[in-house]
Structures are given as structure tokens and as C-alpha cells.
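Right, one structure below, let's go through it.
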Amino acid sequence: MIIVNEHHASIKKINIKILFWMVSGLLYLIVQNVESAENSVKHTQHNVEISGFAFVPKKLEVKPGDTITWINKDIVPHNIVESIEKSVISPDLAAGETYTLVVKKPLVYHCGLHPSMKGKLSLTLVP
Ligand SMILES: [Cu+2]
């Protein structure tokens, strides 16, 4: 009787081990798939020129993870302030200076030094 019980116990142990490895393998495959799906999304670099007291282009459709670089082509400083919370995005950019941001969410913005200068980044949903 004791021998039979031990035999059953060892089979259970082996089954639990097999189950553990199967679950681990499955999780690994799921993680790999999610990672490759994320890597297959092409991120784009966009430039926004600050020129003639305006953001050019004023509106831009971007994907999460895209990079935006603002380039100040004016001779006066400008900056970028998020318009809803009024949170400062960039420091003052002197003539020729740039500021780069990786987009994570839509952005409605203006220049804190010249509030009539407005811009918008809207997000395109990635399929
Ligand atoms: Cu400005």
C-alpha cells in the first residue's frame, strides 16, 4: 500500500512539473507575440517648424511612440505649453534650438510666450 501511494505521489509531482513547464512555455510565447506586435509598428519622426510666429504644420496626426521635433526658425524665443493643464512641455527655445518629444497621448499646445500661437497633435489609432 505504501509503495502504491508513493508511486501516485511521484506521478503527481511529475504532472505538476510538466504543467509548470507548459504554462511557462505558453506565457513565453504570449510575451514574444506581444513584443513582436509592438516592434512591427513603425515609429515616425515628425518635424514642426516654428516660423513666423506659428507652428508649421499647425495640426499633425501621429501615432503613439512617434517622435516630434520642434525647430525654432524665428529669431525670437518660443516654447511649448500644454493648453488644457497649462503644463510646460519645453523650455524656452532660442533661435535655432530644437525640442524633441516622444508622443504618448494627444497634445493641444500653444506658445507660453505668445499664446496666440497654437498647435495640435492628434493620435492615429494603431490597428
Ligand atoms: Cu512664441
For the stretch 60-80, which residues satisfy the criterion of being part of a loop (DSSP other than H, G, I, E, B) and either more than 13 Å from the ligand (Cβ to nearest atom) or touching a His at 6+ places or on another chain (Cβ under 6 Å) (or both)? 63, 64, 65, 66
Taking into account only those residues within the stretch 108-122 that are more than 12 Å from the ligand (Cβ to nearest atom) and surrounded by fewer than 16 Cβ atoms within 10 Å (Cβ to Cβ), which is nearest to the chain's Cα centre (by Cα)? 122
Can you tell me how many residues within the stretch 82-94 are within 15 Å of the ligand (Cβ to nearest atom) and closer than 18 Å to residue 123 by Cα? 3
When you scan the stretch 95-107, how many residues do you find that are in a strand (DSSP E or B), surrounded by fewer than 18 Cβ atoms within 10 Å (Cβ to Cβ) and within 16 Å of the ligand (Cβ to nearest atom)? 1
I need every pair where a residue in the stretch 69-98 that is more than 17 Å from residue 46 (Cβ to Cβ) and in the same structural domain as residue 59 (by TED's automatic domain parsing) has its Cβ under 8 Å from the Cβ of a residue that is buried (at least 16 other Cβ atoms within 10 Å of the Cβ) and hydroxyl-bearing (Ser, Thr, Tyr), sequence separation at least 6 or different chains. 79/90; 81/109; 82/109; 83/109; 91/99
Of the residues in the stretch 14-53 that are in a helix (DSSP H, G or I) and of a type in the set (Val, Ile, Thr), the one that is modelled with the highest pLDDT is 23
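The values are calculated or read from the model by the stated rules, or taken from the named source; none is laboratory data. All of these numbers come straight from a predicted model, not from anything done at the bench. For neighbour counting, all protein chains shown are included, and Cβ atoms are generated from backbone atoms with ideal geometry for every residue, glycine included.
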